[in-house]
Amino acid sequence: MKITETIDIRFPKTLAEALRLQAGEKTRGQLLAGGTDLMVQWASGAPTPERATSIWNLPELDAIEIFDDFIEVGAGVTHAFLRDAAPIHRHLPALVAAAATIGAAQIQARGTLGGNAANASPAGDTAPALLVSGGSVLLASRSGTRTVPLDRFWTAYRRIDAQPDEIIVAFRLPRKGSARERFRKIGTRRAQAISKVMAASRIRIVKGRVTSAAIALGSIAPTPVRLSAVESLLVGQKLTPALIDEAEQLAQATVQPIDDIRSSADYRRWASGRLVRDALENL
Amino acid sequence: MSTLKRTWKVNGQTVPIRAPAGRRLLDVLRDDLGLVGTKESCGEGECGACTVIVDNEPVVSCLIPAGQLPDGTAILTIEGIEKTRIGRLIQRAFLECGAVQCGFCIPGMVVSSYALLVKNPRPSTPAIREGLAGNLCRCTGYTKIIQAVKLAAARLPKRK
Ligand SMILES: Cc1cc2nc3c(=O)[nH]c(=O)nc-3n(C[C@H](O)[C@H](O)[C@H](O)COP(=O)(O)OP(=O)(O)OC[C@H]3O[C@@H](n4cnc5c(N)ncnc54)[C@H](O)[C@@H]3O)c2cc1C
Ligand code: FES
Ligand code: FES
């Protein structure tokens, strides 16, 4: 018998039913969405839970809604759905670009945005794109819903601000409006490769001056990070070559990169600066 | 551990499924239904050998617990694809281009090629590379596989 067959997986048909299961300590199970992280972890020997609660295909988690100034993306939306959802491409281009680089077609068809965020891998590709939107996460439990700003959602290495009885329902992401966005990922190969460093940016320029700047990096630190020092340097300024040089150096000076099997801290420090330069030179 | 009772449409046929909810789709196909054209290599979603089509999307069957597929799910495996016109065109092109060496990756390659050509009948070379990026081959170096998909695309009927 294969290891995953030992898990008692329940298949609630509605969010309310799932929240009810998660509310009790004796009925709660590990949340299972597309399984592209969990099934791999279980297959490669991580301890399996006694129970799991499948939230794949829950209708309440599957929608993308366009509002006047933000987009609400359900936690169960797959990377393939984001990649193909043409009406949102101009509002959240960095997120769409990030989703389109995850794994390859087979993984995109099953991997969800909620799973990518909750898995909280430093290398999760959608995190920097979510961060630069300045949006928030909607969590539900049987006792109600709550909103957490994305820049406080990833609290430590592989930790998120979510209680054991909570399910991520959606992401509320401000539309980019007149700002420009960019997403770049550096890995060993284009497909199926875990990122060494990736960057997302959302920068608004009015009459030649930067009026707002959000730049985030992933795979650099234990959590995805915003480069607030670089952002403050840019706001109010004209994007001259000298300012871009300064931004690149400041990024390199302020990141606190990790060293791991995928890349060295030195390389990541250098690449962080280059990605900031790339974002500013390609607005 | 709960036992599933489901009916899926596998290669166009209605099939009753009885299995533990956590059994991988791959094992249901190979062990329960005898559809051994679908291969297992890594068992971790990386190699694409186990690719099948579920509700029109290519997926890796080693990462899907059977319980997540409701009644009426449409599954297409290599055994079903080789009975379709596009599937036969792809197979013939693979043979003619010498795109097959040991052959272990090939069912997955054919399934991904089929999924690609159904969505995009005139794929560019980058689009073919992207469509097959989730399928690894240790033998061929991919060049002939990409040529084969091009050849199959060129032979597709002009309109469907
Ligand atoms: C071959 C391969 C390549 C990959 N390539 C990439 C890549 O390039 N970039 C990348 O970022 N990732 C990659 N991944 C990882 C994975 O595909 C993504 O992280 C995916 O988005 C996970 O989503 P899922 O629905 O499959 O999550 P699951 O595996 O179902 O769950 C992951 C975690 O999130 C929790 N969870 C899921 N949904 C919720 C929710 N709504 N509320 C609360 N908790 C929840 C689960 O309990 C679990 O802890 C790859 C995986 C594979 C197998
Ligand atoms: S066996 Fe499923 S992807 Fe390798
Ligand atoms: S032909 Fe041998 S792995 Fe592809």
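The values are calculated or read from the model by the stated rules, or taken from the named source; none is laboratory data. What you see is a predicted model; the values in this text were computed from it and never measured. Because the Cβ atoms are built from the backbone with ideal geometry, glycine has one as well, and the counts that use them run over all protein chains shown. Surface accessibility is based on the protein's heavy atoms, side chains included, excluding ligands, DNA and RNA. Shrake-Rupley method; radii C 1.70, N 1.55, O 1.52, S 1.80 Å.
Computed quantities for the displayed model
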item: Fluctuation leader among A:ALA156, A:ALA200, A:ALA221 - chain A, Gaussian network, Cα springs under 10 angstrom; result: A:ALA156
item: For segment B:83-155, convex hull of alpha carbons as volume per residue, Å³; result: 75 Å³
item: Segment A:SER178-A:THR145, length gained on full extension (0.36 nm per residue, minus Cα span); result: 8.8 nm
item: R0 of 56 Å, Cβ-Cβ distance A:LYS238-A:ASN57: FRET efficiency to nearest 0.05; result: 0.65
item: Lysine pairs within chain A, Cα separation less than 25 Å, 8 or more sequence positions apart or different chains; result: 7
item: Alpha-carbon centroids, segment B:99-120 and segment A:41-79: separation in whole Å; result: 29 Å
item: Percent carbon-and-sulfur accessible area, chain A, ignoring ligands, DNA and RNA, probe 1.4 Å; result: 51 percent
item: Cα shape, the protein assembly as shown, gyration tensor, a/c 1.5 rule; result: oblate
item: Shielding of A:56-65 by partner chains, average beta-carbon count, 10 Å; result: 1
item: Relative contact order of chain A, defined on C-alpha pairs under 8 angstrom at six or more residues apart (%); result: 15 percent
item: Cleavage-rule hits, chymotrypsin sites (Phe, Trp or Tyr not before Pro), segment A:23-113, DSSP coil, Cβ neighbours within 10 Å at most 12; result: A:PHE67
item: Within segment A:51-69, backbone nitrogen closer than 13 Å to the virtual label 7 Å beyond the Cα of A:ARG90 toward Cβ; result: none
item: Loop sites in segment A:187-283: trypsin sites (Lys or Arg not before Pro), DSSP, at most 16 other Cβ within 10 Å; result: A:ARG189, A:ARG190, A:LYS207
item: Spacing of the two label points (7 Å from each Cα toward its C-beta) at A:LYS13 and A:ASP245, in nm; result: 6.7 nm
item: Inter-centroid distance (Cα atoms) of segment B:3-30 relative to segment A:240-283, Å; result: 49 Å
item: Distance from segment A:82-136 to segment A:1-31 (C-alpha centre basis), Å; result: 25 Å
item: At 1.567 mPa s and 4 °C, Stokes diffusion of chain B via Kirkwood alpha-carbon radius, µm² per second; result: 82 µm²/s
item: Share antiparallel - DSSP beta bridges, chain A, percent rounded to 5; result: 90 percent
item: MRE, 222 nm, helices only [DSSP H, n ≥ 4, -39500 (n - 2.57), over chain A, to nearest 500]; result: -8500 deg cm²/dmol
item: Neighbouring partner chain Cβ atoms per residue of B:19-25, average, 10 Å criterion; result: 6
item: Angle between chain B longest axis and helix B:106-119 axis [Cα atoms, degrees, rounded to 10]; result: 80 degrees
item: The protein assembly as shown, dipole about Cα centre (Lys/Arg Cβ +1, Asp/Glu Cβ -1), debye to the nearest 20; result: 1280 debye
item: Computed lengthening from B:GLU82 to B:ARG155, 0.36 nm per intervening residue step minus Cα-Cα distance; result: 24.7 nm
